[in-house]
Amino acid sequence: MGIPVKLDVFDGPLDLLLHLIEKNKIDIFDIPIVEITEQYIEIISQMEKKDMDIMSEFLVMAATLLKIKSKMLLPSKKNDDGEETDPREELVERLLEYKTYKYAALELKDLQVDAVKQFFRKKDLPEGIESYKEEIDIKKLLSDVTLNKLQTIFNSVMKKQIDKTDPVRSNFGKIKKETASVKERIYYIEEYAASHGRFSFRAMLEGNTDKTMVIVTFLGVLELMKAGRLKIEQENIFDDIWITSAVYI
């Protein structure tokens, strides 16, 4: 009698891949395809094979991983711009997209759970009172209205509208679409580091005054530092940040 193995339930092959990446604390932009492929195949080999429709999805991904693995053993190809292509690029994009939707779904699920906890009181007014409408005598209501009173009412209404305006948030500018993603900036930083070796963060941003671009670039530098591709130095607080490519260390 074999030893029973308890497996986690995964919502498809991308969910399993994301689980392995997070479990092994792997940089999603630099997936060790050999290691991940071995772990992936080991897990799906232990899955129940009753539903072949579901299993076929996992098997297709296994074939994709093996194809990427074989491509990485061959000399790298270059695109139209003369840059080397990474066989893992399409897989990384799919994983990032899946991760975004997965976390968004979890947020929506939490909102749904909170909404279930809300209860509203049912109407309990007698039918006669609920349908009652007070008769209004327009002539009597406007009998003592003057232009001065109308002006006072108008000023009161306008003041309420002004009071509703948030003095801080009303001065915020419009939200602009990001001019670049972290992934795009990582590619740019890697190319810049390869050609400059050691450089300052300020020099790399020369000509870019957009705050969003500065933030995205800084996040890209941190990701590359975390992956061990860059070394960051700063002698004193507020001094310029110096960056060195791992190739030159």
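Remarks
- Which listed residue is more than 30 Å from Gly228 (Cβ to Cβ) and not assigned by TED's automatic domain parsing to the domain that holds Gly228, from Ser76, Ser45, Ser70: Ser45
- Tally, over the stretch 217-247, of residues that are out of contact with any Lys or Arg (no Cβ under 6 Å at 6 or more places or on another chain) and part of a helix (DSSP H, G or I): 9
- Within the stretch 197-217, not a single residue is small (Gly, Ala, Ser), exposed (fewer than 10 other Cβ atoms within 10 Å of the Cβ), in the same structural domain as Asp240 (by TED's automatic domain parsing) and at pLDDT 85 or above.
- Residues within the stretch 223-238 that are modelled with pLDDT of 80 or more and surrounded by fewer than 14 Cβ atoms within 10 Å (Cβ to Cβ), tallied: 6
Listed here are the residues, each with its yes/no results for (1) under 25 Å from Glu83 (Cβ atoms); (2) touching a residue at least 24 places away in the same chain (Cβ under 8 Å); (3) of a type in the set (A, V, I, L, M, F, W, C).
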| site | (1), (2), (3) |
| --- | --- |
| Glu190 | yes, yes, no |
| Ala203 | yes, no, yes |
| Met213 | yes, yes, yes |
| Leu219 | yes, yes, yes |
| Leu222 | yes, no, yes |
| Met225 | yes, no, yes |
| Leu230 | yes, yes, yes |
| Ile243 | yes, yes, yes |
| Tyr248 | yes, yes, no |
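So that you can scan it fast, the table gives a plain yes or no per residue for (1) surrounded by 10 or more Cβ atoms within 10 Å (Cβ to Cβ); (2) in a loop (DSSP other than H, G, I, E, B); (3) of a type in the set (D, E, K, R):
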position	(1), (2), (3)
Pro87	yes, yes, no
Val92	yes, no, no
Ala104	yes, no, no
Asp114	no, no, yes
Phe119	no, yes, no
Lys122	no, yes, yes
Gly128	no, no, no
Thr152	yes, no, no
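- Checking each residue in the stretch 195-210 for being under 28 Å from the mean Cα position of the chain (by Cα) and of a type outside the set (S, T, N, Q) picks out Phe201, Arg202, Met204, Leu205, Glu206, Gly207, Asp210.
- Among the residues listed as Leu66, Leu108, Leu95, Leu73, the single one being under 25 Å from the mean Cα position of the chain (by Cα) and within 24 Å of Ile44 (Cβ to Cβ): Leu95
- Residue in the stretch 117-132 that is within 14 Å of the chain's Cα centre (by Cα) and not charged (D, E, K, R) present: no
- Test result for Val182, modelled with pLDDT of 80 or more and more than 29 Å from the chain's Cα centre (by Cα): no
- Scanning the stretch 22-41 turns up no residue that is modelled with pLDDT under 80 and either part of a helix (DSSP H, G or I) or not acidic (Asp, Glu) (or both).
The values are calculated or read from the model by the stated rules, or taken from the named source; none is laboratory data. What you see is a predicted model; the values in this text were computed from it and never measured. Backbone-built Cβ (ideal geometry, glycine too); neighbour counts: all protein chains shown.
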